[in-house]
1. Residues with beta-carbon under 13 Å from that of Gly125, excluding Gly125: net charge, scoring Lys, Arg +1 and Asp, Glu -1?
2. Tally Lys/Arg at +1 and Asp/Glu at -1 over every other residue whose Cβ is under 15 Å from the Cβ of Glu480; what's the total?
3. With all protein chains present, calculate the accessible area of Leu99 using a 1.4 Å probe and round the result to the nearest 10 Å².
4. Please give me, ordered by residue number, the trypsin sites (Lys or Arg not before Pro) of region 37-74 that lie in loop per DSSP and have at most 16 other Cβ atoms within 10 Å.
5. Near the amide H of Ser409, under 5 Å away, which other amide H atoms are found, from residues 5 or more places off or on another chain, if H is placed in the peptide plane?
6. Could you work out [θ]222 nm for the chain from helices alone, using -39500 (n - 2.57) per DSSP H run of at least four and dividing by all its residues? Round to the nearest 500 deg cm²/dmol.
7. In terms of Cα to Cα distance under 15 Å, which aspartates and glutamates are near enough to Lys44, apart from those fewer than 8 places away along the same chain?
8. What are the lysines whose alpha-carbon lies under 29 Å from the alpha-carbon of Lys397, with same-chain residues fewer than 8 places away excluded?
Amino acid sequence: MSNKYGKAKNYINGRLVETMTDRWMPVESPLTGEVIAEVAVSSKEDLDKAVSAAKEAFKTWSKTPIKDRVQVFFRYKTLLEQNMAELSALIQEENGKTLDEARAEIEKSIELTEFAVSLPQLTQGEILEVSKGVECRTEHSALGVVASIVPFNFPSMVPNWTIPNAIALGNTMILKTSELVPLSALKIADLLKQAGLPDGVLNIVHGEKEIVEAICDHPDIEAVSFVGSTKVAKIVYQRATSNLKRCLALGGAKNHLLVLPDANPEMTAANVTASMSGCAGQRCMAASAMVAVGQTDHIIEKMVQEARNVVPGKNLGSVISKAAKERIEGYITQAEKDGAKILLDGRNYQVEGKENGYYVGPTIIDFVTPEMSVAREEIFGPVISIIRSRSLEEAMKIENANPYGNAASVFTQSGGLARYVMENASAGMIGVNIGVPVPREPFSFGGWNESRFGVGDITGKSSIEFWTKLKKMTTKWNPEAGINWMS
Ligand code: NAD
């Protein structure tokens, strides 16, 4: 069983290739702690090879009409559907999430691909006769070689946030995988090749800091998208833009859910629990802090009952690594020392038969105060911190004071109070009675504040602006138009 996938090599110009460094890192399945593969640690020289392939491929790909380019993605969508079982099993194995969660990830990848095939309908240029016989027109042009740097928590969905749109719009791409989950991305490349994507249009390099820095510095890479922690998002944004590249860097999150006393208890308990524990809390849209306004004990009791039915190894996956398990458990211990009350404790969890896997049970911490680390920092595990507040205004101040801004939700049956939260929460994605308010396509995905650096969102219509540049053309063909101020 050990090392069953062998070496995860770089994928350049349509082939799996050896790195120049011959450095490898083990890839573990967090479900069992077993090593399932080794991943290449690439250097700047490996990136140079990938960029040359992408640069060469750009010459033809960018000149291929968009209606022809998207045909690849029609076929890719079908391949995602046909390979659902294999793809979701691979996601589960390398990331540790449940099979249902892995399937949902592929379903979202399919939806993202559906959006990409609609791009010919969305990217028509504009034309207007601006003066007698004189026309102005606009066209979206591809940028060139672009890069996408991705995190561990969605091995298929996050690469599919960028690959279909950027490539359908005529760019060629370097994808930098997370070294923790490099296998699903190679499967994406394989399916795209089967779908007819020409060699060199998508290239994959694996590795860590060194290769990310090389991407930010490379003179032939025009734009960099990044998804990961805020700490690294800042580094990448600063380094890429200081090299005069276009950059969009999505960072971490600390999503606040505001629960009001009039909220429907069953629906709220079910939604909040699903949001904090789904994907083992390793979603940038996960509920992390719940601000309980006024008398909400009856809802909190229901949440605890609900969360008792979320069982690691059954309907709750593992966290990504030993280090993650230790970090998450460390936060819970700190909260206890700080005087918070642990209503449900997921520490020291072991799954029978998978004793070396990295499991944390759902954890609910009550009477957290805003200055405690569990209230301020991203935990990225199945843990929710409940902060009690006397009024909605006070709750809103708590939400507004957190430096992140991915998502915020309110649970209430009052339209007026919901509207107040929609207006005043400082986050890019807002939910009303929804625990994970991810906008579905064609609405775009992106947070505010320290959850996103750069302009625009990473998916949907907003991404068209990021992956293209606009050419403005003014023409006059008819001498009868004469001389006028446009001459
Ligand atoms: P991470 O920041 O550790 O890693 C992201 C990428 O950066 C990886 O490819 C990694 O190899 C690389 N990297 C790591 N350290 C680096 C360094 N010092 N210099 C250069 N590159 C480096 O993030 P992660 O642990 O893989 O993912 C979890 C984080 O991603 C969480 O904070 C989560 O909130 C965030 N996330 C955000 C969104 C969003 O849309 N805002 C979506 C998914 C995940």
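1. Values: positive: Arg137, Lys469, Lys471, Lys472; negative: Glu126, Glu135, Glu139.
Combined, the nearby Lys, Arg, Asp and Glu give +1.
2. On the way: positive: Lys132, Lys476; negative: Glu129, Glu135.
Taking every other residue near Glu480 into account, the sum is 0.
3. Around 60 Å² of this residue is reachable by solvent.
4. Values: sites: Lys44, Lys49, Lys55, Lys59, Lys63, Lys67, Arg69; in loops: Lys63.
Filter output for region 37-74: Lys63.
5. Here the answer is His256, Leu257, Leu258, Gly431, since their amide H atoms fall under 5 Å of that of Ser409.
6. Value at 222 nm, helices only, nearest 500: -12000 deg cm²/dmol.
7. Qualifying aspartates and glutamates at Cα under 15 Å: Glu18, Asp22, Glu208, Glu210, Glu213, Asp217, Asp220.
8. Within the straight-line limit of under 29 Å, Lys397 reaches these lysines: Lys231, Lys234, Lys254, Lys302, Lys337, Lys341.
The values are calculated or read from the model by the stated rules, or taken from the named source; none is laboratory data. Since the model is a prediction, treat every value here as computed from it, not as a measurement. No Cβ is skipped: glycine too gets one built from the backbone with ideal geometry, and neighbour counts run over all protein chains shown. These accessible areas exclude ligands, DNA and RNA; they are computed on the full protein's heavy atoms, side chains included. Shrake-Rupley method; radii C 1.70, N 1.55, O 1.52, S 1.80 Å.
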